[in-house]
Amino acid sequence: MYKHILFATDLTEDTDYLIEKVQNVCRLTHAALSLIHVVEPLPGYSYAYLGIEDIEGQLIDEAKRTMEKLGAKLTVAQANQFVEVGPTKTKILQIAEEKNVDMIICGSHGRHGLSLLLGSTANAILHGAKCDVLTVRLPESTD
């Protein structure tokens, strides 16, 4: 069955919905669990106007703090918690391959076009992954 699962999270409130599902899959498979969150780089042209380096650094620091809390909740060692900066799909697939992951779990909440079915990030992961991908349909927001 599965030996190593990578939970790709955007660290939003949707993460809470996914935690129980991730825990159940890990419990059923006895797989090791790693976590990844990707901070998308901010557009370069904005650096001159907004001090983006400071904002991006703050986003990374906050992601690391939130990831530590999630890691504690899921009993995932810090060595298996990854906060990356770059294109989301590329970084998730890169870590999955480097760590010999055999399943990626991610949420899906796309709302338009082809993304309505999966969500653009989940769709990109599904089509680029060399391992199985479990996409969990997130509940519709009541906005």
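The values are calculated or read from the model by the stated rules, or taken from the named source; none is laboratory data. Everything numeric here is computed off the predicted structure, so don't read it as measured data. Glycine gets a Cβ as well: all are built from the backbone with ideal geometry, and neighbour counts include every protein chain shown. Heavy atoms of the whole protein, side chains included, go into the accessibility calculation; ligands, DNA and RNA do not. Shrake-Rupley method; radii C 1.70, N 1.55, O 1.52, S 1.80 Å.
Give me a count of the residues in segment 76-103 that are under 12 Å from the mean Cα position of the chain (by Cα) and of a type in the set (Gly, Ala, Ser).
Residues flagged as under 12 Å from the mean Cα position of the chain (by Cα) and of a type in the set (Gly, Ala, Ser) within segment 76-103 amount to 1.
Consider only pairs whose beta carbons are under 6 Å apart and that are at least six residues apart or on different chains; among these, list those whose first residue lies in segment 53-77 and is closer than 17 Å to VAL39 by Cβ and whose second residue is surrounded by 13 or more Cβ atoms within 10 Å (Cβ to Cβ) and among the acidic types (Asp, Glu).
Every condition considered, no pair remains.
Could you look through segment 1-19, keep only residues that are part of a loop (DSSP other than H, G, I, E, B) and open to solvent by 20 Å² or more (accessible area, probe 1.4 Å), and pick out the one that is modelled with the lowest pLDDT?
Applying the filter and picking the extreme gives GLU13.
Just the residues that are outside any loop (DSSP other than H, G, I, E, B) and farther than 16 Å from SER108 by Cβ, please, taken from segment 20-35. Steps first, answer last, please.
Here is the first cut: in segment 20-35, the ones outside any loop (DSSP other than H, G, I, E, B) are 20-29, 32-35.
Within segment 20-35, GLU20, GLN23, ASN24, CYS26, ARG27, LEU28, THR29, ALA32, LEU33, SER34, LEU35 meet the criteria.
In segment 85-101, which residue that is outside any helix (DSSP H, G or I) and open to solvent by 40 Å² or more (accessible area, probe 1.4 Å) is nearest to GLU56 (Cα to Cα)? Break it down into steps so the answer makes sense when it comes.
The first filter runs over segment 85-101 and keeps only residues outside any helix (DSSP H, G or I), leaving 85-87, 99-101.
Now narrow it down to the ones that are open to solvent by 40 Å² or more (accessible area, probe 1.4 Å): 85, 87, 99-100.
Details: VAL85: 9, PRO87: 14, LYS99: 26, ASN100: 29 Å.
Residue satisfying both the conditions and the ranking: VAL85.
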